[in-house]
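Undergrad: If you scroll down you'll find the structure; I have some questions about it.
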Amino acid sequence: MKTTSIIRGLLLACVCFAATGLHASTIDSYTFTPDSSVFTTNLTESFTSTEAVLAGTISCNSTTTCSGELGTFDLGLDLTEPGVLSLTDVGSLTGDSSASGSVNLDAPIQQTRAFTVAPGDFDFTRYTNELPALGVINATGFVDLTLLPGQTLTLPVTIDFSAIPEPSGQVLLAVAALGLAGFVRRRYSQRAVR
């Protein structure tokens, strides 16, 4: 009878642990396509299920100010559960003057966020927002930038995404932890008796 209870507890724990991971929200895709007509760029993009990164350099190799579209982006999100999206910039800007620009979101809503970058090294979070469970969406848009002649902007820009567990997911995780703890406790108590 005790062995049957242990096996049931272990199976319940396994099912609950598996169920908590089935519906996690993720980053499904990420692309950034530079527009090389204005800026000289050496950029690479990469992504995992929780992070999208644009790294490299953007330069104004002109005798006049470089201003215009830096490139377009497409971020694919599976928002099965609510989550928090953060955008962090780390890098440096050469020269004595600030650079400026804007991130222009076309979909799922139209929105423009202006930004400035001071010369020297920087490390700050530009944007953090909680997103509701919207299903599968693509955030698309473009980035405008203005650099003075001879300026170089070194990045990465990192987009972090973390799911916010719903109460039902937290309950499943708690039940799974209790089932596993009971199994381990019973196992050790049986060994101590022998």
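Undergrad: Looking at the stretch 137-144, is at least one residue surrounded by fewer than 16 Cβ atoms within 10 Å (Cβ to Cβ), in a strand (DSSP E or B) and in contact (Cβ under 8 Å) with a residue 12 or more places away in the chain?
TA: Among the residues of the stretch 137-144, at least one is surrounded by fewer than 16 Cβ atoms within 10 Å (Cβ to Cβ), in a strand (DSSP E or B) and in contact (Cβ under 8 Å) with a residue 12 or more places away in the chain, which makes the answer yes.
Undergrad: State yes or no: is residue 76 part of a strand (DSSP E or B) and either at positive phi or among the basic types (Lys, Arg) (or both)?
TA: Answer is no for this residue.
Undergrad: Which residue pairs have Cβ atoms closer than 7 Å, lie 6 or more positions apart in sequence or on different chains, and pair a first residue in the stretch 93-110 that is without any contact (Cβ under 8 Å) to a residue 24 or more places away in the chain with a second residue that is surrounded by fewer than 17 Cβ atoms within 10 Å (Cβ to Cβ) and part of a loop (DSSP other than H, G, I, E, B)?
TA: 96/119; 98/118; 98/119
Undergrad: Among the candidates 38, 84, which residue alone is aliphatic (A, V, I, L, M), at pLDDT below 95 and in contact with a Cys (Cβ under 8 Å, 6 or more places away or on another chain)?
TA: Sole residue among the options that is aliphatic (A, V, I, L, M), at pLDDT below 95 and in contact with a Cys (Cβ under 8 Å, 6 or more places away or on another chain): 38.
Undergrad: Of all the residues that make up the stretch 103-136, how many are surrounded by 15 or more Cβ atoms within 10 Å (Cβ to Cβ) and hydroxyl-bearing (Ser, Thr, Tyr)?
TA: Total meeting the criteria: 0.
Undergrad: Still on this structure: Being assigned to a strand (DSSP E or B) and closer than 14 Å to residue 73 by Cα is the filter here; which residues of the stretch 91-110 pass it?
TA: Across the stretch 91-110, the qualifying residues are 102, 103, 104, 105, 106, 107.
Undergrad: Among the residues of the stretch 42-64, what is the count of those that are over 11 Å from the mean Cα position of the chain (by Cα), surrounded by 14 or more Cβ atoms within 10 Å (Cβ to Cβ) and at pLDDT 95 or above?
TA: Total meeting the criteria: 9.
Undergrad: Pick from the stretch 111-136 the residues that are among the small types (Gly, Ala, Ser) and either assigned to a strand (DSSP E or B) or touching a Pro at 6+ places or on another chain (Cβ under 8 Å) (or both): which of them is farthest from residue 27 (Cα to Cα)?
TA: 120
The values are calculated or read from the model by the stated rules, or taken from the named source; none is laboratory data. Worth saying up front: this structure is predicted, and the values here are computed from it rather than measured. Note that we place each Cβ from the backbone using ideal geometry, even for glycine, and neighbour counts take in every protein chain shown.
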